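Scroll down for the structure; my scribbles are underneath it.
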Amino acid sequence: MSTNVTKPDVVIVGGGIGGLSAAVSLTKAGLKVRVLEVAPEFGEVGAGLQIGPNCTRILDDLGLLDEVKALGVLVKNMVMKDAADGSELTRLDLGDLEKKYGYPYMVIHRSDLHGTFLRACQRLGVELINNQKVVAYENVPGGARATFADGHVEEAEIVIAADGLHSIAREQIVGDQPVNSAYVAYRGAVMIDKVRENDVSETDVVVYIGPKCHFVQYPLRGGEMFNQVAVFESPKAVAGLEDWGTPDELDTAFEGMCTQIQKGLPLMWRDRWWRMFDRDPAMNWVDGRIALLGDAAHPPLQYMAQGAIMAIEDGWVLSQHVIAQHAQRTDESAGVDWDGALAAYNAVRPEHCRRVLSTGRKWGQLWHVDGIKREQRNHILRSRDTYDYSFTEWIYGPTALTPEQEPPLYAVIPLDSVKLPEGSLS
Ligand SMILES: Cc1cc2nc3c(=O)[nH]c(=O)nc-3n(C[C@H](O)[C@H](O)[C@H](O)COP(=O)(O)OP(=O)(O)OC[C@H]3O[C@@H](n4cnc5c(N)ncnc54)[C@H](O)[C@@H]3O)c2cc1C
């Protein structure tokens with residue numbers, strides 16, 4: 001039986017960026033929300049996050065954009081370079097991008113974004129409970145129930161599973177397994193004075209793309225800190241070994257890459273690394289009154305930098321359907337039509353996230369090519385006009401609330417369509 005006296009409208013399992021942001025959105029829609037998290041404290045591990053206009057637009061709607069702007073950095077450009085020779089391939093002018101989409105592209109420390117949602121939850125009266133490990137989800141008449149390892153249960157009109165990549169609810173609703181990409185990420189956030197001699201940009205996001213590896217750099221915390229991410233394919237993972245992604249592989253993966261990367265590598269954290277798993281897109285996230293959200297629904301490879309953003313969009317979209325119902329109701333005492341709201345959520349979010357997950361996988365392949373394919377890719381990227389937004393229209397515009405609002409994907413340019421002059425392979 002439940003240990004809690006008053007029953008909330010919504011139970012959310014998982015207090016990551018997905019769970020907490022959903023709690024903020026749904027509380028602002030007038031609901032009573034309880035969040036249960038397995039960890040003893042609410043927090044985030046890791047370093048930086050990039051957040052595009054499709055996220056900052058929602059942060060503004062939630063009244064959190066000024067706080068996030070004060071904590072993060074409004075970067076000026078997104079620059080893509082060849083990791084082998086350091087030459088520039090293409091760039092986005094993020095000032096112009098902000099003018100186009102109406103909201104900024106930013107970078108922020110993960111714990112600062114998570115902390116912003118945590119403080120908002122506290123201000124709004126969301127119930128936040130730690131040390132609660134969910135072990136099962138089930139539907140009950142008029143709602144759903146989550147059962148925890150200590151035997152207590154939580155019931156509400158809906159239960160949202162925001163319990164991450166290894167979600168228990170995902171196992172129940174979809175029944176698939178995480179997919180191992182054989183790539184691993186190293187992170188490292190340091191004080192800015194540690195990198196000032198390293199030919200880095202303190203105003204831009206710079207992504208170096210190379211054969212089976214890439215390296216990302218950007219400033220954090222108002223420019224006081226600097227974040228680096230090193231990602232590579234692990235030969236030991238490809239060979240099927242258990243002990244993969246180790247620091248010796250990090251050093252080997254970037255041998256021969258440009259001097260900016262060589263200078264950055266010694267600053268990476270070497271005591272932990274993130275093996276990169278995603279899942280195949282799932283087109284149904286709802287079972288009765290149980291709904292998947294965030295990485296539980298759509299864990300991505302991070303090449304599109306949209307994982308946390310998709311999680312924030314999920315809760316916001318669900319809340320917008322609740323708000324729309326409130327606006328239309330004639331009987332003030334009527335509750336939420338959860339079956340309708342969840343159907344609307346399930347109609348729009350899985351397809352959007354399928355596009356992001358699939359594009360992320362293809363984007364990763366494109367970043368990591370070598371030989372003639374690298375030359376063809378570089379040619380396409382160098383030919384792109386800085387102010388051509390045809391590749392970003394589908395992602396940075398307003399988040400779709402219905403399938404009809406989802407914009408079309410961009411037209412793919414096949415690498416093979418690029419005919420290089422004879423002898424141009426460097
Ligand atoms: C290297 C790297 C770079 C990235 N860069 C970006 C980026 O630039 N921009 C971006 O938008 N995204 C980025 N992402 C993706 C992003 O970090 C994730 O998609 C996002 O944080 C997922 O949030 P979530 O809340 O859904 O899941 P999680 O953060 O995994 O949270 C799940 C929560 O559920 C809890 N939990 C798990 N199991 C249980 C249980 N049994 N019972 C109770 N609680 C449980 C966990 O403790 C955790 O707090 C990146 C990811 C990586 C690895």
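Just so you know, all these numbers are worked out from the coordinates, no wet-lab data involved. Here the structure is a predicted model, which is why all the values come from computation and not from measurement. Cβ sites come from the backbone with ideal geometry, for glycine too, and all protein chains shown count toward neighbours.
The longest stretch of the chain left intact once loop-based GluC sites (Glu not before Pro) with at most 10 other Cβ atoms within 10 Å are removed from consideration, loops following DSSP, is 42-196.
Across region 381-422, Cα-Cα pairs more than 16 Å apart make up 53 percent of the total. Between the alpha-carbon centres of region 334-378 and region 96-133 there is a gap of 22 Å. Ordered from longest to shortest, the equivalent ellipsoid semi-axes for region 183-277 are 24, 13, 11 Å, each the square root of 5 times a Cα gyration tensor eigenvalue. Partners of Lys373 within straight-line reach, counting aspartates and glutamates whose Cα lies under 12 Å from its Cα and excluding those fewer than 8 residues away in the same chain: Asp416.
What base-10 log of the normalised intensity I(q)/I(0) is obtained for the chain from the Debye formula, alpha carbons as equal point scatterers, at q = 0.09, 0.10, 0.12 Å⁻¹? Taken in order of the listed q values, log10 I(q)/I(0) reads -0.57, -0.71, -1.01. Straight Cα distances below 24 angstrom link Lys32 to the lysines Lys7, Lys133, with same-chain residues fewer than 8 positions distant left out. Taken over the alpha carbons of region 284-357 as equal point scatterers, the Debye sum produces base-10 log I(q)/I(0) values at 0.15, 0.17 Å⁻¹ of -0.52, -0.64. Working from the Cα coordinates of region 221-303, the gyration tensor eigenvalues give, after taking √(5λ), semi-axes of 32, 19, 11 Å in decreasing order.
3J(HN,Hα) along region 180-196: 7, 7, 6, 9, 9, 10, 10, 10, x, 10, 10, 5, 4, 5, 6, 10, 4 Hz, from the Karplus curve 6.51 cos²θ - 1.76 cosθ + 1.60 with θ = phi - 60°, whole Hz, x for Gly and Pro. I'd like the antiparallel share, as a percent to the nearest 5, of DSSP beta bridges with both residues in the chain. Expressed as a percentage, antiparallel bridges in the chain total about 70.
Counting pairs of alpha carbon atoms under 8 Å apart in space and at least six apart in sequence, what relative contact order in percent does region 183-277 give?
Working: 158 pairs, mean separation 35.3, N = 95.
Normalised by residue count, the contact order of region 183-277 is 37 percent.
Across region 73-141, the mean sequence separation of Cα contacts (distance under 8 Å, 6 or more residues apart), normalised by length, yields a relative contact order of 23 percent. Compared with the rule-of-thumb size 2.2 N^0.38 Å for a compact globular protein, region 110-184 has a Cα radius of gyration ratio of 1.35.
With the cut-off at 1.5 for a/c, could you classify region 314-412 from its C-alpha gyration tensor as rounded, prolate or oblate? Because a/c hits 1.5 or more and a/b exceeds b/c, region 314-412 counts as prolate. Counted as membrane-span-like here are DSSP H helices of the chain whose alpha-carbon atoms extend 20 Å or more along the helix's own axis and whose Kyte-Doolittle mean is -1.0 or above; these are 110-124, 307-328, 338-367. Amide H contacts of Val140 (H built 1.01 Å from N, in plane; Pro and chain starts excluded): Arg145 sit under 5 Å, all sequence-distant by 5 or more or on other chains.
Applying both filters, DSSP loop and at most 11 other Cβ atoms within 10 Å, to the trypsin sites (Lys or Arg not before Pro) of region 212-271 eliminates every site. Equivalent-ellipsoid semi-axes for region 116-263 (Cα gyration tensor, √(5λ), whole Å, largest first): 40, 24, 12. When the trypsin sites (Lys or Arg not before Pro) in region 12-60 are filtered for DSSP coil states and for at most 16 other beta-carbon atoms within 10 Å of their beta-carbon, the remaining sites are Lys32. Under 17 Å of direct C-alpha separation, and excluding same-chain neighbours fewer than eight residues apart, Lys100 reaches these lysines: Lys76. Across all C-alpha atoms in region 57-202, the radius of gyration and Dmax reach 21.3, 64 Å.
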